[in-house]
Amino acid sequence: MPIQYEVGDIVKLKKQHPCGSQEWEVLRVGADFRLKCLGCGHQIMIARKLVEKNTKGIRKNT
């Protein structure tokens, strides 16, 4: 069963952001995701396929 991503979840990706953080907050879910780096606050739009492939871990926002 694939991981269910929701707005507010924290995902840990395989590669580090240049600021050194590996954790991103999910701001938007769909065909593309909007992610915010928890290290520096930089926001990116990235294809769902890439996020699913590169996710190392996920922390649900409760």
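Structure values in brief
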| read-out | value |
| --- | --- |
| First in the stretch 22-51 and farther than 13 Å from Val11 by Cα, second anywhere and part of a helix (DSSP H, G or I), Cβ under 6 Å, 6 or more apart | Ala31/Arg48 |
| Considering residues of the stretch 23-55 that are part of a strand (DSSP E or B), of a type in the set (Lys, Arg) and out of contact with any Asp or Glu (no Cβ under 8 Å at 6 or more places or on another chain) only, the residue nearest to Val7 (Cα to Cα) | Arg28 |
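Residues checked against (1) surrounded by 11 or more Cβ atoms within 10 Å (Cβ to Cβ); (2) at pLDDT below 95:
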{"position": "Tyr5", "(1), (2)": "yes, yes"}
{"position": "Lys12", "(1), (2)": "yes, no"}
{"position": "Lys15", "(1), (2)": "no, yes"}
{"position": "Glu23", "(1), (2)": "yes, no"}
{"position": "Leu27", "(1), (2)": "yes, no"}
{"position": "Lys36", "(1), (2)": "yes, no"}
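The values are calculated or read from the model by the stated rules, or taken from the named source; none is laboratory data. Since the model is a prediction, treat every value here as computed from it, not as a measurement. Heads up, the Cβs are rebuilt from the backbone with ideal geometry, glycines too, and the neighbour counts pull from every protein chain shown.
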